[in-house]
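If you scroll down you'll find the structure; I have some questions about it.
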Amino acid sequence: MRSNTSLQENPGKGVSRRVLLAAIGAASASAMLPRSARAMLANGATLDAGLMGVQPDTWSDQGPAISSALEAAARQGKALFLPPGRYAATRIMFPDGGHLAGGRGQTVLLGHGDSPVIASRGARSAEMSGIEIDGQYAAPNYQSGITTFEDCADLRIRDCSIRAANTPLLQMKRCSGLIADNLFEKGTDSAIFALDSSGLEISGNSVQDMGDNGILVWRSSAGEDGTIVTGNRIERIGNRSGGDGQWGNGINIYRAGNVLVSGNRIADCILSAVRNNAGANCQITGNNTTRSGETAIFVEFAFSGAVVANNIIDRAATGISVTNYNEGGRLATVTGNVVRDLYRDPSRKYGEEPMALGIGIAVEADTVVSDNVIENAPWIGLVLGYGRYLNDVVASDNVIRGGDYGIAVSVVEGAGKALVRGNLVSGTKKAAVAGFDHDKAVTGDLVASGAGRFPHLTLAQNTLD
C-alpha cells in the first residue's frame, strides 16, 4: 500500500478517502497545538504520523507503525509528530536520531498487554517531547520499565508525562543525556531508574505518589557515574515493598560515584529524602526536605568522600546520618545544615531492637561536622560514633538547642579520636555533652566534669546556656 505524506505529492491523481480524512483530521488537530508544534509542522522539520499509517483511538497496537514512522522520519533528519489522540502501543523502538513529538497533554500512548510502551535499545541519540504515557497498570510480568531506553549516549526527554505502571515509569540502562521538566506519577514501583549512567542529568521534574521510590541512580558495580539530580520536586513516596532501606526513598544513590544531588524539594517519603548507599565523592547540597519517616539524609555503608551541606530538614525521625564505619563508610563533611523539629517513635523497631530515632545528626569516621543548627531533636542533637566505630571526628561551631542530650560521643574501649570544640548547646534536659556506650549514656555532663579520663576525647571552648 502506498503511503502519502502530503496531498501534493501525486498531482493529477485521485486522493484516497482515507488519506483525505487523515489530512483533514490532522489539520483540525494542529489548530489546537502549541505554537512550537505548529511551527515544526509548518516549516517541514516534522513529519505527521497521521499521514504515515499511525491510527489514534483504536485498541490495535500502534507500536510497530510508530516505530516504522520514526525510522522513516529519522532517515530524513526530521522529527515524527504524533497528532492528538490516544494510541495503544507496545515496544516502540527509536532509531538513531529518532525524535517523537506530540501535543503536550493531548497525545497519549497507552499501555497494552504485558509489554513496555517504549523498549528502545542501541540508538546513539533519541528524543521525546510532549508525549503522555499512561501505563494503565499493565505489564506486571516484565523486568523493564513501562518506558525503557538502553545504550543511548544522547537521550533527551522533555515535557512528557508518564504514569500508572507496576514497573519503573522510566528505566534507563547505560544512558547519558537530559531528563527535564517531566511529570512522573502514580506508579507502584519507582519513577526513574537510571542504571550504569554516564553524564546523565535529571532536572526540573515532578515526581509524586510513587509506591516504592522516586529517583534511583544505581550501578551494577561501584564506579564513577556523574549523574546530576537537581531542581526536582518529589512528594509522597511509599514503601510498598517493605524492607529497611531499599524502598521508600525520594532519591537513592547506590554504588554510583561523583553524583550531585542539589536544590531538590522533597516531602513525605516513608524512609529517606536522599539516601546514598556506597557512593563515592557524592554531594548532597541545598535540598529542602520535610516529613521524612526515617532518616532524611542518609549516607551509609561503603561510601567515601561525601559532602552534605546547606540542606534544610524539617520533621524527620533522624535528620542526617553519615555512618557504617563497620562497612567502610568514611570521609565526609557535614556543614551548614538546618535540622529542626525531629521526633522519636518508640513503636518503630529494627528487628527486635528499638530504632535510635529522634537524633539531629550522627557521624562516625573521618568527618567534620561544623556550622550546623540543630533544634528540637528530642533525644540527641549530635551523635559522634557508635560503640568502637568512631575515628577522627571534629564537631565544631554547631548550635544545638533542646532535647535530652546536646552531644553524645562514644567512650567505649577502642573508640578513635574526637574533638568537640566551640559548640553552643542550650536547653538540654540531661546533659550538654555526654559519653555513650552505644545507645546508653554512661557519664554525666562532660562539660562540667571534664573528659580527662577519656584520652581519645578533647573538649574545648564549648558554651552552655
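The values are calculated or read from the model by the stated rules, or taken from the named source; none is laboratory data. No experiment lies behind these values; they were computed from the predicted model shown. Note that each Cβ is placed from the backbone with ideal geometry, even for glycine, and that neighbours are counted across all protein chains shown.
Of (1) under 19 Å from residue 146 (Cα atoms); (2) in contact (Cβ under 8 Å) with a residue 40 or more places away in the chain, residue 67 satisfies all except one. Which?
(2)
Looking at 60, 120, can you tell me which residue is among the hydroxyl-bearing types (Ser, Thr, Tyr) and under 25 Å from the mean Cα position of the chain (by Cα)?
Values: 60 fails: under 25 Å from the mean Cα position of the chain (by Cα).
Result of the check over 60, 120: 120.
Each row is one residue, and each column tells you yes or no for (1) polar (S, T, N, Q); (2) outside any strand (DSSP E or B); (3) surrounded by 21 or more Cβ atoms within 10 Å (Cβ to Cβ); (4) at pLDDT below 95.
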position: 70; (1), (2), (3), (4): no, yes, yes, no
position: 99; (1), (2), (3), (4): no, no, yes, no
position: 105; (1), (2), (3), (4): no, yes, no, yes
position: 126; (1), (2), (3), (4): no, no, yes, no
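Kindly provide the set of residues from the range 217-241 that are under 18 Å from residue 306 (Cα atoms) and not β-branched (Val, Ile, Thr), ordered by number. Show your work before the answer.
If we filter the range 217-241 for residues that are under 18 Å from residue 306 (Cα atoms), which is where we start, we get 217-219, 222-230.
Selection gives 218, 219, 222, 223, 224, 225, 226.
Among (1) under 15 Å from residue 362 (Cβ atoms); (2) of a type outside the set (Ser, Thr, Tyr); (3) under 13 Å from the mean Cα position of the chain (by Cα), there is one condition residue 273 misses while meeting the rest; what is its number?
(1)
Separate question: Where residues in the range 107-121 are of a type in the set (S, T, N, Q) and modelled with pLDDT of 95 or more, which of them is surrounded by the most Cβ atoms within 10 Å (Cβ to Cβ)? Steps first, answer last, please.
At the first step, the residues of the range 107-121 found to be of a type in the set (S, T, N, Q) are 107, 115, 120.
Still in the running and modelled with pLDDT of 95 or more: 107, 120.
Details: 107: 26, 120: 23.
Checked the range 107-121; the qualifying residue surrounded by the most Cβ atoms within 10 Å (Cβ to Cβ) is 107.
Would you check which residues across the range 214-256 are crowded, with 24+ Cβ neighbours inside 10 Å and of a type in the set (Gly, Ala, Ser) and list them?
214, 248, 250, 256
If I go through the range 136-157 residue by residue, how many of them are modelled with pLDDT of 95 or more and either over 20 Å from residue 180 (Cβ atoms) or assigned to a strand (DSSP E or B) (or both)?
9
Kindly establish whether residue 95 is at pLDDT 95 or above, within 25 Å of residue 114 (Cα to Cα), out of contact with any Asp or Glu (no Cβ under 9 Å at 6 or more places or on another chain) and surrounded by 18 or more Cβ atoms within 10 Å (Cβ to Cβ). Steps first, please.
Values: at pLDDT 95 or above: yes; within 25 Å of residue 114 (Cα to Cα): yes; out of contact with any Asp or Glu (no Cβ under 9 Å at 6 or more places or on another chain): no; surrounded by 18 or more Cβ atoms within 10 Å (Cβ to Cβ): yes.
No.
While we're on this one: Of the conditions (1) touching a Leu at 6+ places or on another chain (Cβ under 9 Å); (2) closer than 25 Å to residue 292 by Cβ; (3) among the hydroxyl-bearing types (Ser, Thr, Tyr), residue 386 satisfies every one except a single condition; which number is it?
With (1) touching a Leu at 6+ places or on another chain (Cβ under 9 Å); (2) closer than 25 Å to residue 292 by Cβ; (3) among the hydroxyl-bearing types (Ser, Thr, Tyr) applied to residue 386, the lone miss is (1).
Under the condition of being modelled with pLDDT under 95, part of a loop (DSSP other than H, G, I, E, B) and acidic (Asp, Glu), which residue from the range 334-365 is surrounded by the fewest Cβ atoms within 10 Å (Cβ to Cβ)?
352
Here is a further query. Looking at the range 258-274, which of the residues that are of a type in the set (Val, Ile, Thr) and assigned to a loop (DSSP other than H, G, I, E, B) is surrounded by the most Cβ atoms within 10 Å (Cβ to Cβ)? Outline the logic, then answer.
Going through the range 258-274, the residues of a type in the set (Val, Ile, Thr) turn out to be 259, 261, 266, 270, 274.
Now restrict to residues that are assigned to a loop (DSSP other than H, G, I, E, B): 259, 270.
Numbers: 259: 26, 270: 19.
Residue satisfying both the conditions and the ranking: 259.
Quick grid of which residues meet (1) touching a residue at least 60 places away in the same chain (Cβ under 8 Å); (2) within 20 Å of residue 211 (Cβ to Cβ); (3) out of contact with any Pro (no Cβ under 6 Å at 6 or more places or on another chain); (4) not in a strand (DSSP E or B):
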residue	(1), (2), (3), (4)
226	no, no, yes, yes
236	no, yes, yes, no
239	no, yes, yes, yes
243	no, yes, yes, yes
247	no, yes, yes, yes
251	no, yes, yes, no
256	no, no, yes, no
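So which residues in the range 277-299 are part of a strand (DSSP E or B) and surrounded by 24 or more Cβ atoms within 10 Å (Cβ to Cβ)? Outline the logic, then answer.
Initially, the range 277-299 is screened for residues part of a strand (DSSP E or B), giving 277, 280, 283-285, 288-299.
Matches in the range 277-299: 284, 289, 292, 294, 295, 296, 297, 298, 299.
Here's a follow-up. Take the conditions in contact with a Ser or Thr (Cβ under 9 Å, 6 or more places away or on another chain) and among the charged types (D, E, K, R) and apply them to residue 341. Does it pass? Walk me through how you get there before you give the answer.
Numbers: in contact with a Ser or Thr (Cβ under 9 Å, 6 or more places away or on another chain): no; among the charged types (D, E, K, R): yes.
No.
Restricting the range 128-162 to residues that are among the hydroxyl-bearing types (Ser, Thr, Tyr) and closer than 16 Å to residue 195 by Cα, which is surrounded by the most Cβ atoms within 10 Å (Cβ to Cβ)?
147
Under 18 Å from residue 376 (Cβ atoms), loosely packed, with under 15 Cβ neighbours inside 10 Å and not small (Gly, Ala, Ser): does that describe residue 417? I'd like the intermediate steps shown before the answer.
On the way: under 18 Å from residue 376 (Cβ atoms): no; loosely packed, with under 15 Cβ neighbours inside 10 Å: yes; not small (Gly, Ala, Ser): yes.
No.
Now for a separate question. Go through the range 163-186 and report how many residues are over 17 Å from residue 93 (Cα atoms), under 17 Å from the mean Cα position of the chain (by Cα) and buried (at least 23 other Cβ atoms within 10 Å of the Cβ).
Of the range 163-186, the ones over 17 Å from residue 93 (Cα atoms) are 163-168, 176-186.
In the following step, the residues that additionally are under 17 Å from the mean Cα position of the chain (by Cα) were identified as 163, 167-168, 176-186.
With the extra rule that they be buried (at least 23 other Cβ atoms within 10 Å of the Cβ), the set shrinks to 167-168, 179, 182, 184.
Adding up the residues that qualify gives 5.
Okay, moving on. What pairs come out if I take residues in the range 267-281 that are free of Cβ contacts under 8 Å to residues at least 40 places away in the same chain and pair them with residues that are in a loop (DSSP other than H, G, I, E, B) and surrounded by fewer than 21 Cβ atoms within 10 Å (Cβ to Cβ) whose C-beta lies under 6 Å away, six or more apart or interchain?
Qualifying pairs under 6 Å: 270/238; 270/239; 277/301; 281/258.
Can you pull out every residue in the range 411-464 that is of a type outside the set (Val, Ile, Thr) and touching a helix residue (DSSP H, G or I) at 6+ places or on another chain (Cβ under 7 Å)?
Applying the first criterion (of a type outside the set (Val, Ile, Thr)) to the range 411-464 yields 413-419, 421-424, 426-427, 429-432, 434-441, 444-446, 448-457, 459-462, 464.
Within the range 411-464, 432, 434, 435, 459, 462, 464 meet the criteria.
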